[in-house]
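To keep things clear, I will list the structure first and then write my remarks on it.
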Amino acid sequence: MEEKLEEIVEPLLEWYQENKRILPWRENKNPYCIWISEIMLQQTRIEAVKRYYARFMKELPNIQSLANIPEERLLKLWEGLGYYNRARNLQKAAKIIEQNYKGEMPNTYAELITLAGIGEYTAGAIASIAYNERIPAVDGNVLRVISRVTASDKDVILPETKKVVTEQLKTLMTKQEDNFQAGDFNEALMELGELICLPNGEPICQECPLQRICIAYQKGLTQELPIRVKKLKRKEEDRTVFLLVSQEGKIAIKKRNEKGVLSGMYELPNSKGKVKNLKELEEILKKWNLKGTNIENIGEYQHIFTHITWKMIAYNVAVEKENEEFTWVTKKQLEKAYALPTAFKKVILK
Ligand code: SF4
């Protein structure tokens, strides 16, 4: 298998030089830019990340600004990307870099991986791209390409498979000549997985620089590989969400608990379960010290988190007067200053 992998290096790097996409974080090899983009790319596709990345970099162009920004503003800048703990971890790590590394990003894999939110993949990406350290960065794209090229029958969901592929790539990278560009090699594998060796449906093998080497292609196994065992079904939770609007045209929002899904973010008032009758709705409003003058069902929808799916029913409620339990804000204030998760934005946009 090692010889098989040895063969991919040259055609892969040649293909990358000719086909790599121009991306804002590839303009230079700045470790801060690579770090931010890699964290964003963990959850969102490249095209969408470009927009979020530009917004983030405009306000937080360096480690110092990230370390010092108030958390509420940081979460606002992260809005739309989800997984808000990743934004908090960025800031935690930035503060450590300020304190322990004089504000300069550490330049080895071993140091990078000790920082909050930086796992094996991200540490590998930063160390190889910014500092040319010969260390792999194995994500789903890389696992898929390697599984197909070597026709591996190992389940790519298992951590053990990732470990083995990481070791194989590390050995391969260590053996290369002095002028070997570790970052280009890692990026080339990822790029091939994103553009050519596609996850669902047909990979575009006729355009692939590894076609001659790839065992999955030669044996007609590209549809079967990589092996993935079915994920467990997500838990489902019913919720009733209220878009409460006061006579002044303000909307009620509330800060969520510091624990659990969407911790510390703002939310629209909501309760567990799907409430469908008027009497129960009025009782919930009464508990909040509110009286609805007009209650309108504005539909049902769902939002998928990593481990849970919320099935929601939403009501638009005009209320007589504002209570003290909630924060009442105009739509403009909400857009500008409060991080509202996408799950609730769907209600407002309805
Ligand atoms: Fe993927 Fe096809 Fe290339 Fe093999 S030949 S690596 S299956 S795109």
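The set of residues in the stretch 84-118 that are assigned to a loop (DSSP other than H, G, I, E, B) and closer than 28 Å to LEU340 by Cα comprises LEU115, ALA116, GLY117, ILE118.
Could you tell me which residue of the stretch 154-174 is surrounded by the fewest Cβ atoms within 10 Å (Cβ to Cβ), considering only residues that are within 16 Å of the ligand (Cβ to nearest atom) and among the hydrophobic types (A, V, I, L, M, F, W, C)? Out of the qualifying residues, it is LEU172. Going through (1) among the aromatic types (Phe, Trp, Tyr); (2) assigned to a strand (DSSP E or B); (3) buried (at least 18 other Cβ atoms within 10 Å of the Cβ) one by one, TYR301 falls short only on (3).
Among the conditions (1) within 13 Å of the ligand (Cβ to nearest atom); (2) within 25 Å of ILE22 (Cβ to Cβ); (3) assigned to a loop (DSSP other than H, G, I, E, B), ASN179 misses just one, which is (1).
The number of residues in the stretch 298-320 being of a type in the set (Asp, Glu) and modelled with pLDDT under 90 comes to 0.
Could you please let me know if GLU237 is more than 22 Å from the chain's Cα centre (by Cα), within 9 Å of the ligand (Cβ to nearest atom) and either among the aromatic types (Phe, Trp, Tyr) or surrounded by 11 or more Cβ atoms within 10 Å (Cβ to Cβ) (or both)? For GLU237, the condition - more than 22 Å from the chain's Cα centre (by Cα), within 9 Å of the ligand (Cβ to nearest atom) and either among the aromatic types (Phe, Trp, Tyr) or surrounded by 11 or more Cβ atoms within 10 Å (Cβ to Cβ) (or both) - is not met. Residues that are closer than 15 Å to ILE8 by Cβ, free of Cβ contacts under 8 Å to residues at least 24 places away in the same chain and touching a Ser or Thr at 6+ places or on another chain (Cβ under 9 Å) occur in the stretch 189-208; there is at least one. Out of ILE63, ILE22, one residue alone is within 19 Å of ASN107 (Cα to Cα) and either over 13 Å from the mean Cα position of the chain (by Cα) or touching a residue at least 24 places away in the same chain (Cβ under 8 Å) (or both). It is ILE63.
Take the conditions in contact (Cβ under 8 Å) with a residue 12 or more places away in the chain and either out of contact with any strand residue (DSSP E or B) (no Cβ under 6 Å at 6 or more places or on another chain) or surrounded by fewer than 13 Cβ atoms within 10 Å (Cβ to Cβ) (or both) and apply them to SER263. Does it pass? So SER263 fits the description; yes.
Per the listing ALA188, ALA216, ALA151, ALA137, the residue uniquely under 23 Å from the mean Cα position of the chain (by Cα) and within 16 Å of the ligand (Cβ to nearest atom) is ALA188. Scanning the stretch 309-350 for residues that are in a strand (DSSP E or B) and closer than 25 Å to ARG55 by Cβ gives THR327, VAL329.
The values are calculated or read from the model by the stated rules, or taken from the named source; none is laboratory data. What you see is a predicted model, and the numbers here were worked out from it, not measured in a lab. Neighbour counts run over all protein chains shown; Cβ positions are idealised from the backbone, glycine included.
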